[in-house]
Ligand code: GAP
């Protein structure tokens, strides 16, 4: 983990947020390369969910949430971790971090009994601050998919089965955020809510489990680094009938990367508290309860029902950590030397190609290298980097370390013969290609 954290800082992937003020615990900033990697990962998920299928719609719902949403979802009552206080050093711990009844901070045995600590962040809304006037920062993106269910269905005329996918920030006031970007207070999720008929939920859970394992493999995660964990009943979230976790061997241990839950009709049902809504006759809604009927019509049976939902929910930050960990390689390159190389899948690489003039002060080389960069950039496959340091060896090492699949060197032969040298990140092989064939070679290398 230490090597990875150091590489992330040195090369501009991830920084502690607010570091100049000592940092805010559990909050990180993604740097120039981190933002590209993260966006590429999110794009790959979005593409697999929305573009490559015909049964899923996208959504980008609000982060601020009306408090009723998390009241009726059950989060106000149940979204908590057991908290233990140390009476000696005044530190606070999640109960599972207490070993042999000792405070992990000072070793004292003088601890309080565990009490539930709700993980949701609240923020005042509007100029008047009081107990009632607040919104929640969503602790999962899912709830606004449920509350927008009817709007999406009505505007797209979707029939069951279909899904709604969303990527976005979630916030949890974790008692002990830790392990770099693994357990955060501000993080991102990629969540799909896939709605099915009751009775078709169990097969759908198995289907999505296989789909998601296949997707992680395509992102470069070796299947041997993954394990399936059938969450036992006593550990299930309040909304779940069955959950399968995809566990990954993180540098600090085997932990959850993604959860795939059978949420049954719990959420849509909870937001349609008044069960008369199902008969579509009653208009009475009590107090602040939802007035939306989150039910669908079974046209054959001519009755209304609340769909069941299967939810694959993946953490973006945990995904970035897993992918960096898989790609991070230190290998011998002869003469007792080593190189560090990030063997990222090209579609995830923050920089797709680096164009390097042999000499940084040669106007003709620089002009041609810039022209090549612009032409490759115009293909729209990601960031192409103009690297004008004048030191080819150092440039190769730097681009190995950040996972750039190819380096393109522009030298004096380029001026005379219209050729460049391409160097492959993984094999380190170099070959000469004509500039006119470069776009084809570039596109091929990114596949
Ligand atoms: N909507 C379901 C849900 O939120 P979850 O298991 O609590 O379920 C889903 O979270 C995923 O979100 C986890 O598998 C993990 O990847 C990510 N996640 C949850 N809490 C996190 C945290 N504090 N920091 C970073 N990622 C987190």
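Read-outs throughout are calculated quantities, based only on the coordinates presented, and are distinct from any laboratory measurement. Keep in mind the model is a prediction, meaning the values are calculated, not measured. Cβ: placed from backbone, ideal geometry, glycine included. Neighbour counts: every protein chain shown.
For the reader, a short list of remarks on this structure follows.
- Overall form of the range 120-257 per C-alpha gyration tensor (a/c, 1.5; a/b vs b/c): oblate
- Relative to the longest principal axis of the Cα atoms of the chain, the long axis of helix 316-327 lies at roughly 40 degrees.
- Note on the chain: with a GNM built from Cα contacts shorter than 10 Å, the maximum mean-square fluctuation among 301, 204, 165 falls on 301.
- GNM flexibility winner over the chain from 261, 142, 61 (Cα, springs under 10 Å): 61
- Descending semi-axes in Å of the range 7-126, equivalent ellipsoid built from Cα gyration tensor: 35, 25, 15
- Relative contact order computed over the chain (Cα-Cα under 8 Å; 6+ residues apart), in percent: 13
- Note: the range 124-176, Cα convex hull, 141 Å³ per residue.
- The slack between residue 335 and residue 156, meaning 0.36 nm per residue of separation minus the straight C-alpha distance, is 58.2 nm.
- Relative to the longest principal axis of the Cα atoms of the chain, the long axis of helix 201-218 makes an angle of roughly 20 degrees.
- Packing-based ranking, highest mean first, of 309-322, 362-375 given that Cβ atoms within 10 Å are counted: 309-322, 362-375
- Principal-axis tilt of helix 392-402 within the chain, Cα atoms, nearest 10 degrees: 10
- Residue-averaged [θ]222 nm for the chain, counting only DSSP H segments that reach four residues, each worth -39500 (n - 2.57): -8000 deg cm²/dmol
- DSSP beta bridges fully contained in the range 311-385 are about 60 percent antiparallel.
- Beta bridges by DSSP in the chain, antiparallel share as percent, to the nearest 5: 85
- When DSSP beta bridges are restricted to pairs lying wholly in the range 351-445, around 50% turn out antiparallel.
- All distinct Cα pairs of the chain go into the 1/r average, and the inverse of that average, the Kirkwood radius, is 24.9 Å.
- Highest-first arrangement of 50-58, 181-189, where packing means the average Cβ count within 10 Å: 181-189, 50-58
- Using the Cβ-Cβ distance between residue 197 and residue 121 with R0 set to 35 Å, the FRET efficiency from 1/(1 + (r/R0)^6) comes to roughly 0.45.
- Alpha-carbon centroids, the range 337-393 and the range 8-65: separation in whole Å: 24
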